[in-house]
1. If you keep only loop residues by DSSP, which trypsin sites (Lys or Arg not before Pro) in region 54-90 have at most 14 other Cβ atoms within 10 Å of their Cβ?
2. Which one, (1) 1.21; (2) 1.44; (3) 1.10, gives Cα Rg over 2.2 N^0.38 Å as derived from the coordinates shown?
3. Report the one residue of V49, T81, A70 whose Cα lies farthest in the direction of the positive end of the charge dipole of region 42-90 (charges on C-beta: Lys and Arg +1, Asp and Glu -1; origin at the Cα centre).
4. For each of H74, H47, H16, count neighbouring Cβ atoms within 10 Å of the residue's Cβ, then give the residues from fewest to most.
5. Most exposed first by the Cβ proxy, i.e. fewest other Cβ within 10 Å, how do S65, S2 rank?
6. Order by neighbour count: E60, E86, E53, fewest other Cβ atoms within 10 Å first, most last.
7. Rounded to the nearest 500, what is the chain's calculated 222 nm mean residue ellipticity when only DSSP H runs of at least 4 contribute -39500 (n - 2.57) each, over all residues?
8. Where the centre of each part is set by its Cα atoms, how far does region 53-90 sit from region 30-46, in angstrom?
Amino acid sequence: FSRDMFALRTDNDLAHLAAIRAGYGIGICQVPIGQREANLIRLLPRHFVFNLEIWLVMHENLRTSPRMRAVFDHLGSALSTYVDAERRRT
């Protein structure tokens, strides 16, 4: 494929989702996001599955901050819960 074959290209997830919602054509989004959109239809679910790693990182200078540690720990727990719930649904 070459770049000139596409009418729209974007690296912005929000712009990409807006284009899909507006009917620009076929696009890719996370399954949980697509499931919340009543007008979107999932195509070829067995042929297009992308498992992406999630990395949660913090600058080493912030590790000793109790506030940052609390936020980091909460995000880690919430993301784990979210990922586990999505795995059970699919």
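Here, each number is a calculation from the coordinates, and none is a lab measurement. For clarity, every value in this text was computed on a predicted model and none was experimentally measured. Cβ: placed from backbone, ideal geometry, glycine included. Neighbour counts: every protein chain shown.
1. Values: sites: R63, R67, R69, R87, R88, R89; in loops: R63.
Taking region 54-90 and a limit of 14 other Cβ atoms within 10 Å, the loop trypsin sites (Lys or Arg not before Pro) found are R63.
2. Read-out from the structure maps to (2).
3. Checking the options against the dipole of region 42-90, the answer is V49.
4. Working: H74 10, H47 6, H16 17.
Going from sparsest to densest Cβ surroundings: H47, H74, H16.
5. Working: S65 12, S2 5.
Listing S65, S2 from fewest to most nearby Cβ atoms yields S2, S65.
6. Values: E60 7, E86 13, E53 4.
The order, fewest Cβ neighbours first, is E53, E60, E86.
7. Values: 3 runs with 39 residues, N = 90.
Counting only the DSSP helices, I get -13500 deg cm²/dmol.
8. One Cα centre to the other: 25 Å.
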